[in-house]
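Below you'll find the structure, written out as structure tokens, and then a few comments.
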Amino acid sequence: MNDIAMRDRSVTADEPPDRGGRIFIARQPIFRRNGRVFGYELLFRSGLDNFFDEGQDGEQATSRVITNTFSLIGISKITEGRKAFINFSGDMLVKEYPALFPPRITVAEVLENVEVTQEVIDACRNLVAKGYILALDDFVFTEEFLPLVKIAHIIKFDVQAMTMDALNCNLQQVAPYNVKLLAEKVETIEEYDVLKDMGFSFFQGYFFSKPKIVQGRDIPGSKLQYLKIIRVLQDENYNFKKITEFIAQDVSLSYKLLRYVNSAAMRRRVEVTSMQSAVALVGELTLRKWLSLMMLSYMADDKPQELLRLTLLRARFCEQIGEKMGKGRDFTSSCYTVGMFSLLDVLLDQPMENVLRHLSLAHEIVATLIGEEITRYAVILKLVKAYERGDWQEVIRLASCFKNVYDHLPIFYENALDDVRSFYITV
């Protein structure tokens, strides 16, 4: 059992900033061959202000951040019950830091610069004996690492840092041992397909968030219908009654809306007598957002589920930043739309320009999504993407464009994760 009491902490965007206690954390998904999420690598900093503080003891900072992250935010909230990949230095392994966390979901990553001493080898053996998964990070084969290769479960290769010949050579060196292969920094679908053929079992990177353009293919009819519904929802003067009738005629949507009404997201359990009463309970603004996301979920039925999670995460993250900027409800709603539609090209395997032709969006939103102009929304979207990647240096640079925003970024991210979980109660 953990030495740390794992607990979730409910926070709101109105919570006052605490510069000394902020935990900046992001997660990057690790996929199985079938496209399902196996776990998340956790990327974190104790704060943005001390990012370049070279005088800070790295090990102490890392241990404090890890401990605070899991005790304050809660490991179940961050990984949703999936594996948590965490980097450990040699000294942290020897001091048994990984044992602070539950073996059921913890993957201890041995950093590539670890000196492989007998103490480190013994520490790793003890972890494996206790049921922990051991992974070797950014691996390049040397005889020094052979004792760890023999007991490791997963070996991670940075496929962008190696030539194909070097990668093949390394794979031959580890082939005699019972290890799974994980490809890091997979950036395209084409790379993903090649690496699958080479025997990799796990994949990490942003290949799933880039479109695979299929030349000569139009948007299929049903997905085009979903886009048309989304277009209606973007109209401020849309017919609320007509949308209610549309939901009532779709048994799947009706069922999911009823589940949503009685979910933790609504924080109430009520008796619903009709679809009209369910719609009234949700409210017009929330219904528009919920229905737009349902349409996106239908469009994403042949995509990794994580893609839809990322879509919702971005939407809520962008929305909260927009709200904090205090530019009004319309601006905040547009921020949500920008985040939600930022992956439409990936969902439909079409260039963004083609997809947006079917939507009547404001010019500034279109310009942001296509990337042809630096708009008010463009910097927000870039900031959110940088946070997703754990690119903290870029987060610092972009956050400086907004007053009183970056202190709240961890809260916004945690709130967005909460909304992702709430949404998946109904899909």
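Quick note: the coordinates plus some simple rules give every number you see, no bench work behind them. None of these values were measured; they are calculated from a predicted model. Using ideal geometry, Cβ is built from the backbone for each residue, glycine included, and neighbour counts are taken over all protein chains shown.
Pulled fully out, how much extra length does the chain show between ARG421 and ARG104, if you take 0.36 nm times their separation in residues and subtract their Cα-Cα distance?
Numbers: separation 317, 0.36 × 317 = 114.12 nm, distance 2.07 nm.
Net length gain for the segment: 112.1 nm.
With a cap of 16 neighbouring Cβ atoms within 10 Å, and only residues DSSP puts in a loop, list the GluC sites (Glu not before Pro) found in region 314-379. Walk me through the numbers before you get to the answer.
Numbers: sites: GLU319, GLU323, GLU353, GLU364, GLU372, GLU373; in loops: GLU372, GLU373.
Listed in order of number, the matching sites are GLU372, GLU373.
Show me the ranking of peptides 82-89, 93-100, 160-167 by mean Cβ neighbours inside 10 Å, starting with the highest.
82-89, 93-100, 160-167
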Within region 141-249, trypsin sites (Lys or Arg not before Pro) in DSSP loop having at most 16 other beta-carbon neighbours inside 10 Å: LYS150, LYS212, ARG217
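Around LEU111, under 9 Å between beta carbons, what's the net of Lys plus Arg minus Asp minus Glu among the other residues? Provide the component values of the computation, followed by the final result.
Details: positive: none; negative: GLU109, GLU112, ASP137, ASP138.
Value of the local net charge: -4.
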Set the Förster distance to 45 Å, then compute FRET efficiency between THR286 and GLU373 from the Cβ-Cβ distance, nearest 0.05. 0.90
Taking a ≥ b ≥ c as the square roots of the Cα gyration tensor eigenvalues, with a/c under 1.5 meaning rounded and otherwise prolate when a/b beats b/c, else oblate, which class fits region 94-153? prolate
Exactly which trypsin sites (Lys or Arg not before Pro) in region 282-381 are in a DSSP loop and have at most 15 other Cβ atoms within 10 Å? LYS327, ARG357
Cα to Cα, under 20 Å, and not fewer than 8 places away if on the same chain: which lysines meet these conditions relative to LYS289? LYS223, LYS228, LYS241, LYS242, LYS256, LYS324, LYS327
Take ASN34 and LYS212, extend 7 Å from each Cα along the Cα→Cβ direction, and tell me the distance between the two endpoints in nm. 1.8 nm
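Rounded if a/c is under 1.5, else prolate if a/b is larger than b/c, else oblate: which is region 221-423, with a ≥ b ≥ c the root eigenvalues of its Cα gyration tensor?
On the way: a/c = 1.79, a/b = 1.39, b/c = 1.29.
Prolate.
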Grab the Cα-Cα distance for ASN354 and ASP91, subtract it from 0.36 nm times how many residues apart they are, and report the gain in nm with one decimal. 89.4 nm
Spacing of the two label points (7 Å from each Cα toward its C-beta) at ASP391 and LYS130, in nm: 3.6 nm
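Given the Cα-Cα distance of LEU224 and THR142 and 0.36 nm per residue of separation, how much length would full extension add, in nm?
Values: separation 82, 0.36 × 82 = 29.52 nm, distance 5.30 nm.
In short, 24.2 nm is gained.
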Using Cα positions and a limit of under 22 Å, work out the lysines in reach of LYS185, with same-chain residues fewer than 8 apart set aside. LYS83, LYS156, LYS196, LYS210, LYS212, LYS303, LYS382, LYS385
Using a simple spin-label model with points 7 Å from Cα along the Cα→Cβ vector, what separation in nm is obtained for LYS242 and ASN113? 6.1 nm
